[in-house]
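A.B. asks: A single structure is presented below for examination.
The values are calculated or read from the model by the stated rules, or taken from the named source; none is laboratory data. From a predicted model like this one, the values you see are computed outputs, not experimental measurements. Cβ placement follows ideal geometry from the backbone for every residue including glycine, while neighbour counts extend to all protein chains displayed. These area figures cover heavy atoms from the full protein model, side chains too; ligands, DNA and RNA do not enter into them. Shrake-Rupley method; radii C 1.70, N 1.55, O 1.52, S 1.80 Å.
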Amino acid sequence: MCSAPKKAKRRAAAGDGGSSNVFSMFEQSQIQEYKEAFTIIDQNRDGIISKDDLRDVLASMGQLNVKNEELEAMIKEASGPINFTVFLTMFGEKLKGADPEDVILSAFKVLDPEGTGSIKKEFLEELLTTQCDRFSPDDVKRMWAAFPPDVAGNVDYKNICYVITHGEEKEE
């Protein structure tokens, strides 16, 4: 019990300085998940994600012909060597632009006047491919792979909102 207040004090103190503030953007469970992901990507276990690390982890996932330019572009997204703090900062910056979960949920609720918590796949697909920043056929395919509709063709938008804002699926 005594260690929690010390950690909280250290975290609060860290919040005042530079890049360590990134840790305050995430819950401890999220930081742990990002740490696990970092460890998987850091194939040579030197504490820095390199172009070779990216090539190796992508190859382990079946992407064998990744161009050098693509890997360099990924590495150049960081301001310097990608250690865990930089890795976490990059995720923080990507997520910073996302609206809060309740705002996204409210937008979906407009499309669900009955309040069922789901919307028809065809309706959502039509909106995503014809309005604003239109989804390409590949975007749509990835969307349905990540969020498959149920047998009746309904899409659980609450789960989509949760994943957009938390980066993981809710455990039921």
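A.B. asks: What's the extension gain from Asn65 to Ser106 if we count 0.36 nm per residue and subtract their Cα-Cα distance?
C.D. replies: 10.6 nm
A.B. asks: Using a 10 Å cut-off on Cβ atoms, rank the peptides 82-90, 130-138 from the highest mean neighbour count down.
C.D. replies: 82-90, 130-138
A.B. asks: Of the peptides 52-58, 146-152, how do they stack up when ordered by the mean number of other Cβ atoms within 10 Å, highest first?
C.D. replies: Taking the mean over residues of other Cβ atoms within 10 Å, the ranking is 52-58, 146-152.
A.B. asks: Right, another one. Going by a ≥ b ≥ c, the root eigenvalues of the Cα gyration tensor, does the range 26-95 fall in the rounded group (a/c under 1.5), the prolate group (a/b larger than b/c) or the oblate group?
C.D. replies: Cα axes put the range 26-95 in the prolate bin.
A.B. asks: Percentage of Cα-Cα pair distances in the range 101-166 greater than 15 Å, rounded to whole percent?
C.D. replies: 53
A.B. asks: With +1 assigned to the C-beta of every Lys and Arg and -1 to the C-beta of every Asp and Glu, and no other charges, what is the dipole magnitude of the range 101-166 about the Cα centre in debye, to the nearest 20?
C.D. replies: I would put it at about 80 debye.
A.B. asks: Could you calculate the contour length gain from Ala78 to Glu36, that is, 0.36 nm times the residue separation minus the distance between their Cα atoms, to one decimal place in nm?
C.D. replies: 13.2 nm
A.B. asks: Taking all protein chains in place and a 1.4 Å probe, what share, in percent, of the accessible surface of the range 76-138 do carbon and sulfur account for?
C.D. replies: 55
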